Amino acid sequence: MYFKFIITASFFVLAIDWYYFRSIKKLTEPLAKTWRKSIIIAYWVFTLMVLGTLAYTSSFFIEKAAIPKILRTYLMGFIFVVYVSKIVGILFVMIYDLQSITLFIKKNIIKKFRPEKIQQDLGRRTFLKKTAIVASAIPFGTLLFGMINSAFDYTVRKQQLKIPNLPKAFKGLKIIQISDIHTGSFMSNTPLEEAVQLINKQQADIIFFTGDLVNDISEEALPFIDTLKKIQAPLGVYSVLGNHDYGDYFYQPEDIEGKQHNLKLMKEIHTKMGWKLLNNEHHILEKDNERLAIIGVENWGHGMRFPKYGDIEKAKSGCLKEDVKLLLSHDPSHWEAQILKEHQDIAVTFSGHTHGMQFGIEIPGFKWSPSEYIYPQWAGLYQHNKQQIYVNRGLGFLGYPGRVGILPEITVFELG
């Protein structure tokens, strides 16, 4: 599996670099031979470093060891930024090639061209090759800025939740939702300490965590237990598991013992933090002889690559028909695929998972992210008939160690 990954990834890296190299070569033509040679050597040395990094990270998965954080978080993040930027630049090289093919067809097959335009076309196409470098600089600068400036720019979002038939005793209840902490991406406790202080400052009645405490294995969360257990609320902290919390991306499917160890440790970590983990179960809040059901399910993702461990029927077992039910389910695809169709008694679903892809635009009256092409519900509040879902943008990050436009989120709800 990992050997296949190395071969496939190496092929794409080399393909991208070869294609992009044509722009580098064109741009360096006016330079002295020594400079041109130095730039070309540096370019391909970097490519070899990328291939070595891919092989190195795969070896850690084979040996079942955690990848060093500095490597996973920032070196891989920088490589991601570089190759996203190159892909943007390649689009201009592709336009150059399409124009070259068109010109060849006109000249040699259709034999319909004007010789006086050849020089003009050559100049325009040469400009396209050079433009690829400039075009690459825009995403490179933007993504690099997102790493330096926005990864820990925690944003408190306040949201009113109008719920039909909400018992009077729970009107005005203040809920905080956090999601997708991904402790495996944090180099130190300092950013999380700041987040915890901001969470506690909101003075919520109850707190929901909607999954993905780690990246790959439960051990990643161990250094952060003392920090995260400071998150407190009078009515408690309730949590569920996300797709990254099971060890499915680290242990092979046949490694049952490894997965069992991971899940056992994950449950112990939630207990040590003082969080009530709802694995297909519920908790009833009671006040003034009125009830509010907090239901939590294990991860359930509509896509084939995501586990479907969640069991809402089991989680609801023991709830009253008339109970207003709030559901914690990590993956928002669960909402349309199952909840709307089979569980109309769920008033509000709280999800995370998407991170808003950590990239997009959010201004008053408009929001966009590539995430919307994968998830119909990807950030914020959505409603269908009387049912609602809120998708939290996540507190941490994964893969790309930054945020551009989609900031890390702490959501504060007031029920009404």
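The values are calculated or read from the model by the stated rules, or taken from the named source; none is laboratory data. These numbers come from a predicted model, not from an experiment. Don't worry about glycine lacking a Cβ; one is built from the backbone with ideal geometry, like all the others, and counts go over all protein chains shown.
Taking the condition of being of a type outside the set (A, V, I, L, M, F, W, C) and modelled with pLDDT of 75 or more, how many residues in region 43-67 meet it?
Residues flagged as of a type outside the set (A, V, I, L, M, F, W, C) and modelled with pLDDT of 75 or more within region 43-67 amount to 5.
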*Given (1) under 12 Å from the mean Cα position of the chain (by Cα); (2) touching a residue at least 40 places away in the same chain (Cβ under 8 Å), where does TYR390 come up short, assuming only one miss?*
(1)
*asked:* Tally up the residues in region 327-344 that are over 15 Å from ASN280 (Cβ atoms) and buried (at least 19 other Cβ atoms within 10 Å of the Cβ), please.
replied: 3
_Against the conditions (1) more than 30 Å from LYS287 (Cα to Cα); (2) of a type outside the set (A, V, I, L, M); (3) assigned to a strand (DSSP E or B), where does HIS353 fall short? Just the number, please._
(3)
_Top-ranked residue of region 357-379 - restricted to ones that are touching a residue at least 40 places away in the same chain (Cβ under 8 Å) and not in a loop (DSSP other than H, G, I, E, B), ranked as surrounded by the fewest Cβ atoms within 10 Å (Cβ to Cβ)_ = ILE361
*Scan region 158-183 for residues that are crowded, with 17+ Cβ neighbours inside 10 Å and farther than 23 Å from VAL84 by Cα and report the count.*
15
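Any residue at all in region 254-276 that's part of a strand (DSSP E or B) and in contact with a strand residue (DSSP E or B) (Cβ under 7 Å, 6 or more places away or on another chain)?
yes
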*Quick one: GLU193 ticks every box in (1) closer than 30 Å to HIS302 by Cα; (2) touching a helix residue (DSSP H, G or I) at 6+ places or on another chain (Cβ under 7 Å) bar one, so which box is it?*
(1)
*Would it be correct to say that ASP226 is in the same structural domain as GLU313 (by TED's automatic domain parsing), of a type in the set (D, E, K, R) and either touching a residue at least 40 places away in the same chain (Cβ under 8 Å) or buried (at least 21 other Cβ atoms within 10 Å of the Cβ) (or both)?*
no
*Working only within region 269-289, note down all residues that are free of Cβ contacts under 8 Å to residues at least 12 places away in the same chain and closer than 20 Å to ASP226 by Cα.*
THR271
